[in-house]
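Take a look at the structure set out below.
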Amino acid sequence: MKRLHCPVCGSTDVWAVTGGYTGCIYRCKRCGYSGALVVEYDDKEDEERGDR
């Protein structure tokens, strides 16, 4: 399973606000970041990094 992380604060509390032909804009509930760039990890990478 893939999880989205905020590029500013690292939170996984990120969701897509808009989307369509030009791509998605994401927003972070923790820090308020809004933009098209998010970091995506799968569960295996999270375990290796120790983020669980």
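Nothing in this text is a laboratory measurement; each read-out follows from the coordinates by a stated rule. Note that the structure is a prediction, hence the values are computed from the model and not measured. Methodologically, a virtual Cβ is constructed for each residue, glycine included, from the backbone with ideal geometry; neighbour enumeration extends over all protein chains shown.
Suppose we take every Cα in region 2-49 and form the convex hull; what volume per residue is that in Å³? Could you put the intermediate results ahead of the total?
Details: hull volume 3.3 nm³, N = 48.
Given the Cα convex hull of region 2-49, per-residue volume reads 69 Å³.
Summing +1 for each Lys or Arg and -1 for each Asp or Glu, what net charge is found among the other residues whose Cβ lies under 9 Å from the Cβ of Ser11? Numbers along the way, then the final one.
Details: positive: Lys29, Arg30; negative: Asp13.
That works out to +1.
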